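Rule-based calculations on the coordinates, nothing more; no lab input. Everything numeric here is computed off the predicted structure, so don't read it as measured data. Cβ: placed from backbone, ideal geometry, glycine included. Neighbour counts: every protein chain shown.
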Amino acid sequence: MTRALRRIGALAVLLALAPAGARAAAAPAALDLRASVAYALAHSSAIAQRRATVAQDDATFVRTRAAELPAITGTLQNQLQRSQNASGGIYAQFGLSPANEFSQNIAEISSTWNIFTGTSAQIQTQEAKRTLEGAQLDLDRAEQQLAADVTASFYGLAGQHETVRLDEADRTYQGELLSAAQAQERDGRIAQVDVLRAQVNTLRSDVTLATARNTEADDRESLAQQIGAPPDTTFAVDGPIPEPPLPAASLDAMVTIARNHRSDVLSARAALAYAELTNAGIDTDLLPQVQLTGSFGNQYSPTTVAFSPTTGLPTGVRGSPGFWQIGSTATFSLPIIDYGTRATAHHAARALIDANLQALTVAENGVAVDVRAALRGAQTAYTNLQTSKQAAELGIESARIAQLQYRNGLISLTDATASQQSALQAGVDLITARANYVTAVVRLRVAIGADDPLTAVEFGAS
């Protein structure tokens, strides 16, 4: 009985908080965090819709850009004509009535290039480019946010899995206390009421454990649904929750990086650039419009040769050595009276520039706020993690001392149980603190602007 009592308390909590090396390895088919994020990116309907939007905008951009480039075409042409003159023509005196035949083959390559000077075609191309960039940035942001959400759910499941292990250890602890109480009651050292209390605590521990297991199953299926996987998908949550270090860069450096990488800032800059291009395009009608053309090829007409009236044989040179031509057209138009349309167009364009400039400022300030909040959150989570570690260690020691005191009759069963519950709660708080910290680090990476959502959830050895 004494040996059994020594196993309770601290040993139970230590077992629940044991490192991953002392635990069973996850099944090979189980998804770890990186695999879960990759699966979510590949199966998320929202991400798929954004990717389709990017593909459509890319096709539109390529089509509008093609209008600015030289059009190169190739032509192959064949003409064949044949007619019969009933009168016989000049060959009637010989009793001949030849058929009139005409055949001509043309092979040509030609090109036309309209050299625009900021006209509507260029503006449309730039608009399509900005739209494509905005769609791509929106996709990047959505992927990063999905990675952060999956991380929070994954480590929430990992924390619940650890909670189940703690509740299993508590069930073992309460069973040991019940056995000890029954043995002491038989020896007449304690009253039967302590045995009843120990039985109540054991039953309550059973209820808590069953509830925790049910919650873990719910969280597992919820995570599977979030990433688009089947409900029976398993996840590798048996390993320790990582504790990555806080970023070593200064706050100003992180804000600068975020302003150069965050999709919302880049999108605002693209909108400002488009507004400036629109303003510049208003006066393009005052610039000359230039068109260049050129072609080369070969024209061969085997039937267009002269025939000798004496011998009837063809004379002259058959075919042609080829041809080429180049040309340019420049058009310059100067409107004399525009009735104020140009001035009002510039006024509207400058108002759009001012609005987009303010939007860019708001986006940059918003990024700074996000980075500051994310950094404070990560720092606070780190502090809470260190505090929770100390509290868990003290809870383990408290439970160990309480079981010794109960064994020697210095405290009641209620006091021993209270110590165990305090240690158990400290263990739960430590698990929660670990999950909150790693999630806060990922959200900080996303706030700064990770280039790849998968790199945002990668951690080295902790």
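So who's got an amide H within less than 5 Å of the one on LEU31, skipping anything under 5 residues away but keeping other chains? H placed 1.01 Å off N, in plane.
Close amide H contacts, sequence-distant or interchain: THR234, PHE235, ALA236.
Which peptide among 281-293, 411-423, 226-238, 152-164 comes first, and what is the full order, when sorted by highest mean count of other Cβ atoms within 10 Å?
Working: 281-293: 14.8, 411-423: 20.0, 226-238: 16.5, 152-164: 22.5.
Ranking the peptides 281-293, 411-423, 226-238, 152-164 by packing returns 152-164, 411-423, 226-238, 281-293.
Got a sec to turn the phi values of segment 203-211 into Karplus ³J(HN,Hα) couplings, 6.51 cos²θ - 1.76 cosθ + 1.60 with θ = phi - 60°, whole Hz, x for Gly and Pro?
Karplus-based 3J(HN,Hα) across segment 203-211 equals 5, 5, 5, 4, 5, 4, 5, 4, 5 Hz.
Could you rank the peptides 439-452, 54-67 by their average count of other C-beta atoms within 10 Å per residue, with the highest value first? Don't skip to the answer; put the middle values down first.
Values: 439-452: 22.6, 54-67: 15.1.
Most protected by this proxy first, the peptides run 439-452, 54-67.
Give the separation of the Cα centroids, segment 281-298 to segment 215-270, in Å.
Centre-to-centre distance over Cα atoms comes out at 51 Å.
Taking the simple approach of a point 7 Å from Cα along Cα-to-Cβ for both THR331 and LEU286, what is their distance in nm?
The modelled label-to-label distance comes out at 2.0 nm.
Mind checking the alpha-carbon convex hull of segment 192-289 and giving the volume per residue in Å³?
That works out to 281 Å³ per residue.
Pull out the extension gain between THR387 and ALA351, defined as 0.36 nm times the separation in residues minus the alpha carbon to alpha carbon distance; nm, one decimal.
Working: separation 36, 0.36 × 36 = 12.96 nm, distance 5.37 nm.
Answer, rounded to one decimal: 7.6 nm.
What does the charge add up to near GLU68, with Lys and Arg as +1, Asp and Glu as -1, over the other residues with Cβ less than 14 Å from its Cβ? Numbers along the way, then the final one.
Working: positive: ARG63, ARG65, LYS129; negative: GLU127.
Net of charged neighbours comes to +2.
What FRET efficiency do you get for ALA273 and GLN379 if R0 is 22 Å and r is their Cβ-Cβ distance, rounded to the nearest 0.05?
Details: r = 36 Å, r/R0 = 1.65.
Calculated transfer efficiency: 0.05.
Separation of segment 359-404 and segment 116-180 by C-alpha centroid, Å?
The two parts, judged by their Cα centres, are 19 Å apart.
Sort TYR39, TYR437, TYR274 so that the residue with the fewest other Cβ atoms within 10 Å of its own Cβ comes first and the one with the most comes last.
TYR39, TYR274, TYR437
With Kirkwood's inverse mean 1/r over C-alpha pairs for Rh, give me the Rg to Rh ratio of segment 382-462, two decimals please.
1.26
Which three extents, in whole angstrom, do the alpha-carbon atoms of segment 141-220 cover along their principal axes, largest first?
69, 14, 12
Quick one: Karplus J couplings for segment 152-164, per residue in order, coefficients 6.51, -1.76, 1.60, θ = phi - 60°, nearest Hz, x for Gly and Pro?
4, 5, 5, 6, x, 5, 4, x, 5, 4, 5, 5, 4
Given the C-alpha atoms of segment 102-177, compute the convex hull and give its volume per residue in Å³. Intermediate values should be presented prior to the final figure.
Details: hull volume 13.8 nm³, N = 76.
Expressed per residue, the convex hull around the Cα atoms of segment 102-177 is 182 Å³.
I want to check the label-to-label distance for ALA46 and GLN145. Put each point 7 Å from Cα in the C-beta direction and report it in nm to one decimal.
Label-label distance for ALA46 and GLN145, simple model: 0.6 nm.
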